[in-house]
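The structure under discussion appears below in the form of structure tokens.
The values are calculated or read from the model by the stated rules, or taken from the named source; none is laboratory data. Please read all numbers here as calculations on a predicted model, not as lab measurements. Every residue, glycine among them, receives a Cβ derived from its backbone with ideal geometry; neighbour counts consider all protein chains shown. These accessible areas exclude ligands, DNA and RNA; they are computed on the full protein's heavy atoms, side chains included. Shrake-Rupley method; radii C 1.70, N 1.55, O 1.52, S 1.80 Å.
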Amino acid sequence: MLRRPRRNRKSPVIRELVQENSLSLSDLIYPMFVMEGEGVRSEITSMPGVARFSLDLLLEEMQECVDLGLRTFALFPNLPESKKDKYATESHNPEGLYLQAVKAIKTRFPDIALMTDVAMDPYSSDGHDGIVEEGPNGFEVVNDQSLVVLGKMALAQARAGADIIGPSDMMDGRIGYIRELLDSEGFTNVSIMAYTAKYAGAFYGPFRDALDSAPRFGDKKTYQMNPANSREALIEAELDYAEGADFLMVKPAMVYLDIIKLLSENFDLPIAAYNVSGEYAMVKAAAANGWLDGERAMLEILTAMKRAGAKIILTYFAKEVAQLRKS
Ligand code: PBG
């Protein structure tokens, strides 16, 4: 036998020497949840280890993460029903919880990168990412009218200090609409991470628990993608590229590694993968039952995303990875 692949696996040093992909803290974005109140830490039952924080405690938690070496965060709001309406008005209220939190975070941590979320669902009494209108065929999430609200939201976030705007709504044309609006207001340096290929799947349940944002009726299949499709992701990516996106994201990540690979082979922009709430919950649940080694599964899953071509990973595991590196 002239070829013995096992020679390259013979010792830890050799294995590391030939290792093709690795996970670094600078690849990770840690999503966090802010809620109203003071001194509040509210655990999310379906996401063990993840909590919603009132702003004071969020800043403390973030300090801990920064000390652990994390540098990029994504922020989502949990709002009481009383703040929600049909047009997501609260989403662009500069005095509201979310925009005040963005401002406070960037004041306290000017050196971190903060990604904000653009979509109507946290603020919508309908629980949809765009405006819901009654049409001839029943309820419809209307595209172009929604862009106006999304634009106001994005602009308000840029004004509050957002570094990266993350449109997660999947309306057509929103990247270009937001890019032009930001530029016309002088925010040419604010980045956009497009949720390019976001699939209408079953893995967002725990996140919707965290935000109390589940659709009040219907589903998101008229705007999020069909999990059976891959070629369609190229159309979304071409549009986002042409409309000025700085990053292309695939979401969820674990069961969409082929899509991550597809985009990374066809586009030169950095590819991000969103390791979503349901994927996190599955690992945590199995580990809690002693059915698998949670730590090893976590690292294997995240490394697989890197191997598939993701440069960036949004993951609720980020803090745990950072703690592991420190210990
Ligand atoms: C909606 C949004 C969702 C997530 C981020 N933004 C869920 C949805 O489409 O209902 C999911 C994130 C996760 O599950 O971790 N704008």
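Odds and ends about this structure:
- Single match in 42, 54 (criterion: under 19 Å from residue 280 (Cβ atoms) and modelled with pLDDT of 95 or more): 42
- From the list 276, 321, the lone residue that is open to solvent by less than 10 Å² (accessible area, probe 1.4 Å) and touching a Phe, Trp or Tyr at 6+ places or on another chain (Cβ under 9 Å) is 276.
- Contact annotation: residue pairs with Cβ atoms under 7 Å, 6 or more positions apart or on different chains, pairing a residue in region 216-227 that is under 12 Å from residue 168 (Cα atoms) with a partner that is β-branched (Val, Ile, Thr), are 223/141.
- Residue list for region 24-42, restricted to those being part of a strand (DSSP E or B) and of a type in the set (A, V, I, L, M): 28, 29, 32, 34, 35
- Qualifying residue in region 198-220 (condition: away from the ligand (no atom under 15 Å from the Cβ), outside any helix (DSSP H, G or I) and open to solvent by 70 Å² or more (accessible area, probe 1.4 Å)): no
- Options 47, 62, 32, 1: the member that is open to solvent by 30 Å² or more (accessible area, probe 1.4 Å) and hydrophobic (A, V, I, L, M, F, W, C): 1
- Annotation: of all residues in region 93-119 being assigned to a helix (DSSP H, G or I) and open to solvent by 50 Å² or more (accessible area, probe 1.4 Å), the one that is nearest to residue 216 (Cα to Cα) is 100.
- Selection from region 255-280 of residues that are within 13 Å of the ligand (Cβ to nearest atom) and among the acidic types (Asp, Glu): 279
- Residues in region 281-319 that are within 16 Å of the ligand (Cβ to nearest atom), under 17 Å from the mean Cα position of the chain (by Cα) and part of a helix (DSSP H, G or I): 281, 301, 302, 305, 318, 319.
- When region 176-197 is filtered for residues that are open to solvent by less than 10 Å² (accessible area, probe 1.4 Å), under 24 Å from residue 33 (Cα atoms) and over 16 Å from the mean Cα position of the chain (by Cα), only 178 remains.
- Beta carbons closer than 7 Å, at least 6 apart along the sequence or on distinct chains, pair a first residue in region 89-109 that is in contact (Cβ under 8 Å) with a residue 40 or more places away in the chain and among the aromatic types (Phe, Trp, Tyr) with a second that is open to solvent by less than 40 Å² (accessible area, probe 1.4 Å) and part of a helix (DSSP H, G or I) for 109/62.
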